[in-house]
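Worksheet: one structure, shown below.
Values quoted throughout were computed directly from the atomic coordinates according to the rules given, and no laboratory measurement underlies them. If you're wondering where the values come from, they're calculated on a predicted model, not measured in any experiment. Cβ: placed from backbone, ideal geometry, glycine included. Neighbour counts: every protein chain shown.
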Amino acid sequence: MTPFLLVTDLDHTLVGDPLALAQLNRHLEKHRQDYGTKLVYSTGRSRTSYQELLTEAQLLTPDVLITSVGTEIYQGEEPDLQWSDRLQTGWDRAAIVAAAAQFPDLMAQPEPEQRPFKVSFFLKPGPATTVLPQLERMLSDRHLPAQLVYSSEKDLDILAVKANKGTALTYVRELLGFMPLQTVACGDSGNDIALFCEGTRGIVVGNARSELLTWHRANPSAERYLATGHCAVGMLEGLVRLGYLSP
Ligand code: GLC
Ligand code: MG
């Protein structure tokens with residue numbers, strides 16, 4: 001067996017089925033010890049909210065933690081300042097907040113989820129169909145580069161243009177010295193689409209949200225596996241199918 005780099009989303013991907021999570025953890029822990037496999041979590045949560053999750057779910061300590069939809073990278077306690085420096089380019093947070101304030105359908109998410117390179121709102125799917133293109137146009141007219149990421153029919157993240165789960169994956173992959181095809185990305189929702197755009201292998205869990213399934217079908221790849229199992233069951237199924245773990 002050879003080492004691989006596992007980059008996984010948490011909520012509804014790794015986390016969601018405690019028994020399967022415990023089983024997957026045993027496989028991963030052994031693979032880390034025996035072969036030098038590395039584990040990276042990539043979550044939409046802030047670090048504070050990730051720490052809350054740690055009190056509810058039995059998670060292995062990751063080698064690297066990516067939080068707030070790719071905008072922050074932690075090895076241990078310290079944020080990676082080289083990463084945050086890169087994100088500054090063209091990012092005017094105050095101007096983004098002012099533009100978003102023009103849209104009454106956007107409800108600000110709680111304060112801990114508002115981060116230096118991420119502004120987040122709740123947005124219902126009905127209004128989203130008009131608000132998203134209008135907001136995109138407004139940001140472009142005002143020369144405010146940013147990315148809009150809409151997930152799970154409720155969460156809108158406005159991110160610095162250079163940050164998402166995908167660009168953060170590639171940065172960390174290169175840092176840890178893994179090739180794309182030695183790397184497996186796993187996810188379930190809209191903010192994970194970027195994870196699957198970096199030339200790595202991928203597992204879409206069986207409980208994936210419609211936005212990811214629609215994208216997966218429109219962008220077929222032999223390197224990406226759509227599992228039938230949900231959450232950690234689907235990850236284990238995919239890791240066996242892709243040849244990284246033996247059953
Ligand atoms: C997590 C974050 C939230 C974000 C969502 C989708 O739930 O807490 O801020 O909008 O992921 O990325
Ligand atoms: Mg998720």
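The charge dipole of the range 94-247, taken about the Cα centre with unit charges on the Cβ atoms of Lys, Arg (+1) and Asp, Glu (-1), comes to about 200 debye, rounded to the nearest 20.
Do you know the relative contact order of the chain, to the nearest whole percent, from alpha carbon pairs under 8 angstrom that are 6+ apart?
Values: 451 pairs, mean separation 52.9, N = 247.
Contact order relative to length: 21 percent.
Between Gly206, Gly44, Gly177, the residue with the greatest mean-square fluctuation in the GNM of the chain (Cα pairs under 10 Å linked by springs) is Gly177. Could you tell me which residue out of Leu236, Pro116, His216 lies farthest along the dipole of the chain toward its positive end? Charges go on the beta carbon: Lys and Arg +1, Asp and Glu -1, centred on the Cα centre. Checking the options against the dipole of the chain, the answer is His216.
Pairs to check: Lys124/Lys162; Lys38/Lys165; Lys30/Lys162. Give those whose C-alpha atoms are more than 24 Å from each other in this structure. Provide the component values of the computation, followed by the final result.
On the way: Lys124/Lys162 26 Å; Lys38/Lys165 17 Å; Lys30/Lys162 35 Å.
Cα-Cα > 24 Å for Lys124/Lys162; Lys30/Lys162; rest within.
Under 5 Å between amide hydrogens, built in the peptide plane, is the criterion, and for Arg45 it picks out Ser68, Val69 among residues at least 5 positions away or on other chains. When you restrict to C-alpha pairs under 8 Å that are six or more residues apart and normalise by the size of the range 40-156, the relative contact order lands at 22 percent. Helical runs assigned H by DSSP (4 residues or longer) give the chain a calculated mean residue ellipticity at 222 nm of -11500 deg cm²/dmol, each run adding -39500 (n - 2.57) before division by the residue total. Across all C-alpha atoms in the range 60-163, the radius of gyration and Dmax reach 14.3, 45 Å.
Relative to the current alpha-carbon distance between Met1 and Gln88, full extension at 0.36 nm per residue lengthens the span by 27.3 nm. Reported value for the range 146-247: 97 Å³ per residue, from the convex hull of its C-alpha atoms. Given q = 0.16 Å⁻¹, what are the Debye log10 I(q)/I(0) values for the chain, with equal point scatterers placed on the Cα positions and solvent ignored? Debye output, listed in q order: -1.16. Placing unit charges on the Cβ atoms only, positive for Lys and Arg and negative for Asp and Glu, gives the range 79-170 a dipole magnitude near 120 debye about its Cα centre. Report, in whole Å, the centroid distance computed from the Cα atoms of the range 182-240 and the range 1-56. The two parts, judged by their Cα centres, are 15 Å apart. Taking the number of Cβ atoms within 10 Å of each Cβ as an exposure proxy, the fewest-first ranking of Ser49, Ser120 is Ser49, Ser120. Put the Cα centre of the range 127-162 next to the Cα centre of the range 78-116 and the gap is 12 Å.
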